[in-house]
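Everything below concerns the one structure shown next.
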Amino acid sequence: MTGKGGVGKTTLAGTLARLFARDGYNVIAIDADPDMNLASALGVPENPRPITEYKEMVQERASAEFGMFKLNPKVDDVIEKCGCVGPDGVKLAVMGTIDSGGSGCMCPETAFLRALLRHVILREKDLVILDMEAGIEHLGRGTTKGVDVMIAVVEPGLRSVETLERIKKLSKDLGIEKVMAVINKAPEEQTKIKDKLAEMNVPVLGMIPFDRNFMEADLAGKSPLDVGGPGIDAIKEIKGKLEELFGNMAKEAAEKGGEAA
């Protein structure tokens, strides 16, 4: 999930994570946004300690002698060690931010986080949902080859679409084949924004109406899913479309595998 700040990507990420978990999926939700708000969208009262704050572990596993660093540090136990289990059994891990400005070389930390993303996307079973910031450059090619779909959340406005144009270009550069959009806070049928997305060749996965229940959930410190409303109903429809999409992708992969054999 990506998009400019405030478009609702965290709400979508957290709600989808719990909906899929309720259907029996093993869901890992990773907060890769420096704002770190995914916990509240999931209904987790407090963030687990960000992974970047485990400095001794990161240095021990990612650093090498003579100022060098390891490109493939051990990360297979990080989710269990550093994450927590939220409502409906969703596993949550928070990436945290990497310090800058005189704090020294951040190469070990960057290598560690990329290795972690690569591990959970390519090796963990079932479903991994990443709540990203607008920039996705830190994913890297070795990670994104396992991404099934990049979902960009957009508002019915020009600035949001401009961010999507950048995301689409970055996704293409990184080899992400499927980029889809969700239109959020839509007051009515959004013909203009749909036409613009069609020009960009970005399919619309769904539309979420403007819903005051989201604000009420935030003020009450609750997960939007626990409050409900028309916005949640729309996200449930998006979840159904994603399941259909994943099913088609699995079928295509199986057919290609059969042809190769």
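What the table shows:
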{"read-out": "Cross-chain or 6+ apart pairs with Cβ under 7 Å, segment 86-112 first and under 18 Å from Arg49 (Cα atoms) and aromatic (Phe, Trp, Tyr), then at pLDDT 70 or above and not in a loop (DSSP other than H, G, I, E, B)", "value": "Phe112/Val58; Phe112/Arg61; Phe112/Ala62"}
{"read-out": "Unmet criterion (only one of (1) part of a helix (DSSP H, G or I); (2) among the small types (Gly, Ala, Ser); (3) free of Cβ contacts under 8 Å to residues at least 40 places away in the same chain) for Gly24", "value": "(1)"}
{"read-out": "Every residue from segment 78-90 that is within 16 Å of the chain's Cα centre (by Cα) and at pLDDT 95 or above", "value": "Val90"}
{"read-out": "Evaluation of Ala254 against (1) more than 26 Å from Val27 (Cβ to Cβ); (2) open to solvent by 60 Å² or more (accessible area, probe 1.4 Å); (3) of a type in the set (A, V, I, L, M, F, W, C) (one fails), failing number", "value": "(1)"}
{"read-out": "Some residue of segment 103-110 being open to solvent by 30 Å² or more (accessible area, probe 1.4 Å), at pLDDT 70 or above and not hydroxyl-bearing (Ser, Thr, Tyr)", "value": "no"}
{"read-out": "Number of the condition not met by Asn184 [criteria: (1) over 15 Å from Glu155 (Cα atoms); (2) within 22 Å of the chain's Cα centre (by Cα); (3) polar (S, T, N, Q)]", "value": "(1)"}
{"read-out": "Filtered residues of segment 155-193 (kept if open to solvent by 60 Å² or more (accessible area, probe 1.4 Å) and under 14 Å from Ala134 (Cα atoms))", "value": "Arg159, Glu162, Glu165, Arg166, Lys168, Lys169"}
{"read-out": "Of the criteria (1) modelled with pLDDT of 90 or more; (2) under 30 Å from Arg159 (Cβ atoms); (3) touching a Gly at 6+ places or on another chain (Cβ under 7 Å), which one Ala13 fails", "value": "(3)"}
{"read-out": "Unmet requirement for Pro230, which otherwise passes all of (1) farther than 20 Å from Leu19 by Cα; (2) surrounded by fewer than 21 Cβ atoms within 10 Å (Cβ to Cβ)", "value": "(1)"}
{"read-out": "Every residue from segment 208-227 that is of a type outside the set (D, E, K, R) and open to solvent by less than 90 Å² (accessible area, probe 1.4 Å)", "value": "Ile208, Pro209, Asn213, Phe214, Met215, Ala217, Ala220, Gly221, Ser223, Pro224, Leu225, Val227"}
{"read-out": "Given (1) touching a strand residue (DSSP E or B) at 6+ places or on another chain (Cβ under 9 Å); (2) open to solvent by 20 Å² or more (accessible area, probe 1.4 Å); (3) small (Gly, Ala, Ser), index of the condition Gly43 fails", "value": "(1)"}
{"read-out": "Met207 vs. criteria out of contact with any Lys or Arg (no Cβ under 8 Å at 6 or more places or on another chain) and closer than 21 Å to Thr10 by Cβ", "value": "yes"}
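The values are calculated or read from the model by the stated rules, or taken from the named source; none is laboratory data. Everything numeric in this text was worked out from a predicted model, so none of it was measured. Don't worry about glycine lacking a Cβ; one is built from the backbone with ideal geometry, like all the others, and counts go over all protein chains shown. Accessible surface areas use protein heavy atoms only, side chains included; no ligands, DNA or RNA. Shrake-Rupley method; radii C 1.70, N 1.55, O 1.52, S 1.80 Å.
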